[in-house]
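No lab work stands behind these numbers, since they all come straight from the coordinates. Quantities reported herein were computed from a predicted structural model and do not represent experimental measurements. Every residue, glycine among them, receives a Cβ derived from its backbone with ideal geometry; neighbour counts consider all protein chains shown.
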Amino acid sequence: MEEEEFELVANALKSYEMDGVIATNTTLSREGVEDSVYAQESGGLSGAPVRNRSTAAIAALHRHLKGALPIIGVGGITEPFDAAEKIEAGASLVQIYSGFIYRGPTLIHESVKAIEPLLKK
């Protein structure tokens, strides 16, 4: 999405009095995995390849929502730093899925530890 589209989405979320927004989910793009043997598979791409794009989307929504509603940061959280990065970009909460599948519950505990100092600022 372009910046103007994020603004339109943010305005619609506020206009329709949404309680929150999950940003983001999977992508059909194969950017970043072109060299993988699975690059031509169909379906949504998730996990590490979407991390940067997801964080950028969170930051864009945060700029336009200006705290009007919570953002749930999703996408590419495979390390504790990734969860903290989503919070720094403007997410109020994070959802961990692919990283949890591959890393297990340890990732949850480590992510909480990485986020805690940010909440005290």
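General observations
- Working from label points 7 Å from Cα in the Cα-to-Cβ sense, the Ile101 to Leu69 distance is 2.8 nm.
- Helical runs assigned H by DSSP (4 residues or longer) give the chain a calculated mean residue ellipticity at 222 nm of -15000 deg cm²/dmol, each run adding -39500 (n - 2.57) before division by the residue total.
- Tally of Lys pairs whose C-alpha atoms are under 22 Å apart, taken over the chain, 8 or more apart or cross-chain: 9
- Summary of the geometry: the stretch 75-121 and the stretch 8-23, compared by the centres of their Cα atoms, lie 23 Å apart.
- Efficiency of FRET between Glu3 and Gln40 - r from beta-carbon atoms, R0 25 angstrom, step 0.05: 0.20
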